[in-house]
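S.K.: There's a structure below that I have some questions on.
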Amino acid sequence: MLIEYLGHSCFKLTESTGTSVVCDPYSEEVGYEMPEVAADAVTVSHHHFDHDCLRKIKGKPVVIDKESSHDLPGVEINSIKSFHDECRGKKRGENVIFKFRMDGIDVCHLGDLGEACSSDLIETILPVDVLLIPVGGTYTVDAEMAKEYVDRIMPDIVIPMHYRTRDCKLDIDKVDEFIKLFDEESVEEVDGNSVELSRIDLTGETKIIVLRRA
């Protein structure tokens, strides 16, 4: 499978036969433009401008924005209700976590998860091979809480998202606050926006991969 980082919390996931899903497309209000892409499905963790810009997706994709299960050719999609804050949604509402099964790999996109790590939520999320996790704080879990999620989920691959970059206008932290919590040898900063994965890449040890946005 191919994972492409399109910026902010947006990824394009493509299964080996070509079926693709885009997660959380964003508008230019983030501070930079998201590239237009085509996909078979779009997942929306919640309806804020930096996660639901459907006009950026070409074609006629299936839009998934609530708890449900969907089967596409070669791809299983399941979603889990969670909260955008630590007060069970009283501040910022609900958030939908998405699980994808493609090419024998379990991928989890946490959306704008803001609630504290709990055993009940971890058990619902598992198993996870690849974890796409917000790390910037303010509107989501911060670096230290993201680290707790990683330690308890124990995925093989972690790709951080929703953090401040040079052009980002949002009041969130840089990715550095997250990666400095890990040993240097477990962090790989890729000079590109994509990574191709297969079951062979799942070693049982957690690796942090930082991608540059498209």
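S.K.: Once you've got the GNM for the chain with C-alpha springs shorter than 10 Å, pick whichever of 166, 152, 55 has the biggest mean-square fluctuation.
M.R.: 166
S.K.: If you restrict to DSSP beta bridges whose two residues both lie in the chain, what percentage is antiparallel, to the nearest 5?
M.R.: 60 percent
S.K.: Collect residues whose amide H, placed 1.01 Å from N in the peptide plane, falls under 5 Å from the amide H of residue 39; neighbours closer than 5 in sequence don't count.
M.R.: Amide H neighbours of residue 39, under 5 Å, 5+ apart: 58.
S.K.: Mark the label point 7 Å from the Cα of residue 123 along Cα→Cβ and return the residues of segment 100-115 whose backbone N is within less than 14 Å of it.
M.R.: Output list for this probe position: empty.
S.K.: May I pose another question? Give, in nm to one decimal, the length gained when the segment between residue 62 and residue 91 is fully stretched (0.36 nm per residue of separation minus the Cα-Cα distance).
M.R.: Taking residue 62 through residue 91 to full extension adds about 7.5 nm, to one decimal.
S.K.: Among the listed pairs 66/180; 56/99; 66/174; 99/147, which have their C-alpha atoms separated by more than 25 angstrom in this model?
M.R.: 66/180; 66/174
S.K.: Can you compute the modelled spin-label distance between residue 27 and residue 151, with each label point 7 Å from Cα toward Cβ, in nm?
M.R.: 3.9 nm
S.K.: Please work out whether segment 3-99 counts as rounded, prolate or oblate from its C-alpha gyration tensor, where a ≥ b ≥ c are the square roots of the eigenvalues and a/c under 1.5 means rounded, while otherwise a/b larger than b/c means prolate and anything else oblate?
M.R.: Oblate, because a/c is 1.5 or more while a/b does not exceed b/c.
S.K.: With a ≥ b ≥ c the root eigenvalues of the C-alpha gyration tensor of the chain, is it rounded (a/c under 1.5), prolate (a/b larger than b/c) or oblate?
M.R.: rounded
S.K.: Cα gyration tensor of segment 89-214, axes a ≥ b ≥ c as square roots of the eigenvalues: rounded (a/c below 1.5), prolate (a/b > b/c) or oblate?
M.R.: Note, shape of segment 89-214 comes out oblate.
S.K.: Quick check: the distance between the Cα centres of segment 8-62 and segment 173-214, to the nearest angstrom?
M.R.: 21 Å
S.K.: Another question, if that's okay. DSSP loop (so not H, G, I, E, B), at most 15 other Cβ within 10 Å: list which GluC sites (Glu not before Pro) in segment 85-169 pass both filters.
M.R.: 86
The numbers here are math on the coordinates, done by the rules we state, and not lab data. Since the model is a prediction, treat every value here as computed from it, not as a measurement. Reconstructed Cβ throughout: ideal geometry from the backbone, glycine too, with neighbour counts over all protein chains shown.
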